[in-house]
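I have placed the structure first, in the form of C-alpha cells, so that the comments after it can refer back to it.
The values are calculated or read from the model by the stated rules, or taken from the named source; none is laboratory data. Predicted model, so just to flag it, every value in this text is computed and none were measured. Cβ placement follows ideal geometry from the backbone for every residue including glycine, while neighbour counts extend to all protein chains displayed. Ligands, DNA and RNA are stripped out before the accessible areas are found, and what is left, the full protein with its side chains, is counted by its heavy atoms. Shrake-Rupley method; radii C 1.70, N 1.55, O 1.52, S 1.80 Å.
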Amino acid sequence: MLSNELSNIELLKEIAELLNEETEMEKMLQGALQKLLDGTLFETGWIFFIDEKGKQQLIAHENLPNALKQDDCRHLQKDSCWCVSRFQKGELKKASNIIECKRIVNARKMSNEDSGGITHHATVPLQSGQESFGLLNVATPNTIRFSDGELALLESVAFQIGSAIKRILLTRQEQQVALVQERNRLARDLHDSVNQLLFSVTLTARGGIEMTEQPDIKDTFKEIQYLTQEALTEMRALIWQLRPKGLESGIIEGLKGYGDILGLTMTVKVKGVVNLPAIIEETLFRIAQEALNNIRKHSGVLIAELYLTVTSTDVLLVVKDEGCGFHMKEPNKLRSIGLQSMKDRANFVGGTVDWVTGCEKGTEILVRLPY
C-alpha cells in the first residue's frame, strides 16, 4: 500500500513538472494525459473543453480504441452524455464512476471497429477555484468501476491540470494586455510625430500654392499637397488600426468610424445581438478593416456594404462593393491584395474567409467565425 502511494506521489510530481513547461496548451495536455496513462492502470483517456455555452471541444486524447477514434472521434463528441450534462448543470464536483456511457454504447453499436473492451469510464472536472474548464475522462478495458484510490489520484491530476490551464489563460491575458499597451504606445508616437509632420507639410504646400503665381510651381505644390494628404489619410488609418477607439462603443460603430476615416460611404445591416468574446470581436474588426482598405485602394469606388449576422454559434460578416473586382490567376498567392492576412486571422480562431469576385463584377468578402 505504501509503495503504491509513493508511486502515485512520484507520478504527480512528474505530471506537475510537465505542466510547468513552457509549451502550447494542447501539447501540454496531451503530454499530461500520456504521462497519467503510462503511470497507472488507466489505458485510455480524453479531455474535453466545455465553454459557458456548453460548446464542447475534444482537446486531447490518448490510446483510444478504433471504435472511439473513428471519423475523427465523432462518436465521442456526438449526442448527450451523463458527464457533460452533469458538468453543464454544475453538479459534477469530483471524480466519479460512470455506470454506462451513452456515447461509448453508441460507438460500439454503430461502428464495425474494435472497441477494445471499453464499456465504462471515470470522469473528473478540470477546474481552478470557482472556474471550470472541462472534463478529464479515463477508461480501462473490461473495467466498470474504479476504486476510491484511483478516483482520488484522478482528482489530484485534474487539480494540477486545472491549475496549469488557469496559469496559461492568465499568461495569455497578460500578453494581450501588453500587446494593447504597445499598440497604444505606437499609436501615440505616430500621432505625435509622423502624423503632425505630415499635417505641417500639407499646410506648407497650401501656403506655397497661394504665394506663387507661376503655374509649374503651383502645380508642384498641389501635387505635394495631394500626396501628403493621401499619406495623412493612410497614417490616420494606421493609427486607428493600432488603437481602435471605436470598439469601445461596439464593433459596428468602430467600423463606421474607420470607414469615415477612409472616406467611404457605408451601408451597415445587422441581424442578431452583437455580444462577442473579445478575441472574436477584434479578429472580426481587423478582417473588416483590411476589407475596407482594399475597397478604398483597389476597387475604384468609395461605397461599401457591410452585413453582420450573429447566430448562437457563429458570426457571419459580408463586406461588399460594386467596384472593378479582380481576377485571381493564382489563388494561393494572396498577399498583394491583403486577403492572406484575413485568412490567417480567421484561421487562428477556427474561422474561414472566402470571396466572390470577377473583373468589373465587384467583390464580396465572406467571413465566418465560431465563438
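What the table below lists for this structure:
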quantity: Angle in degrees between helix 196-211 and the longest Cα principal axis of the chain, rounded to the nearest 10; calculated: 20 degrees
quantity: Stretchable slack from residue 14 to residue 311, in nm (0.36 nm times residue separation minus alpha-carbon distance); calculated: 102.6 nm
quantity: Semi-axes of the equivalent ellipsoid for the stretch 130-231, Cα gyration tensor, largest first, Å; calculated: 71, 14, 6
quantity: Accessible area expressed per residue, the chain, with surrounding protein chains retained (probe 1.4 Å, Å²); calculated: 56 Å²
quantity: Approximate spin-label separation residue 348-residue 155, in nm, with each point projected 7 Å along Cα-to-Cβ; calculated: 4.1 nm
quantity: Built amide H within the under 5 Å cut-off of residue 119, gap 5+; calculated: 142, 143
quantity: Computed accessible area, residue 46, all protein chains, 1.4 angstrom probe, square angstrom; calculated: 0 Å²
quantity: Accessible-area order (highest first, 1.4 angstrom probe) of the listed residues 121, 61, 298; calculated: 298, 61, 121
quantity: Between helix 215-242 and the chain: long-axis angle, C-alpha atoms, 0 to 90°, nearest 10; calculated: 20 degrees
quantity: With DNA, RNA and ligands ignored, accessible area of residue 234 (1.4 Å probe; Å², nearest 10); calculated: 80 Å²
quantity: The chain: most fluctuating residue of 70, 340, 130 per GNM, C-alpha cutoff 10 Å; calculated: 130
quantity: Charged-residue dipole, Cβ positions (Lys, Arg, Asp, Glu), the chain about Cα centre, Debye nearest 20; calculated: 780 debye
quantity: Distance violations [Cα-Cα > 26 Å] among 55/94; 102/166; 69/343; 89/271; 53/166; 53/271; calculated: 102/166; 69/343; 89/271
quantity: Residue-wise HN-Hα coupling along the stretch 148-160, computed from phi with Karplus coefficients 6.51, -1.76, 1.60 (Hz; x: Gly, Pro); calculated: 4, x, 5, 5, 5, 4, 4, 5, 5, 5, 4, 4, 5
quantity: Among 309, 132, 319 - extreme Cα towards positive end, dipole of the chain, charges at beta-carbon; calculated: 309
quantity: Length-normalised contact order for the stretch 53-191 - Cα pairs under 8 Å, 6+ apart - percent; calculated: 20 percent
quantity: Largest-first ordering by accessible area, 1.4 Å probe, given options 174, 305; calculated: 174, 305
quantity: In the stretch 60-92, the trypsin sites (Lys or Arg not before Pro) that fall in loop regions by DSSP, at most 12 other Cβ within 10 Å; calculated: 89
quantity: Farthest positive-ward along the chain dipole, Cα basis, beta-carbon charges - from 205, 96, 64; calculated: 96
quantity: Top of 321, 189, 219 by mean-square fluctuation, Gaussian network on the chain, Cα under 10 Å; calculated: 219
quantity: Stretchable slack from residue 71 to residue 169, in nm (0.36 nm times residue separation minus alpha-carbon distance); calculated: 32.3 nm
quantity: Computed [θ] at 222 nm, deg cm²/dmol, the chain (DSSP H ≥ 4; -39,500 (n - 2.57); rounded to nearest 500); calculated: -16500 deg cm²/dmol
quantity: Rounded to the nearest 10 Å², the accessible area of residue 159 at probe 1.4 Å; calculated: 140 Å²
quantity: Geometric extent, Cα atoms of the stretch 73-198 - Rg, Dmax (angstrom); calculated: 22.9, 76
quantity: Ratio Rg/Rh, restricted to the chain and using Cα atoms, in which Rh is the Kirkwood radius; calculated: 1.13
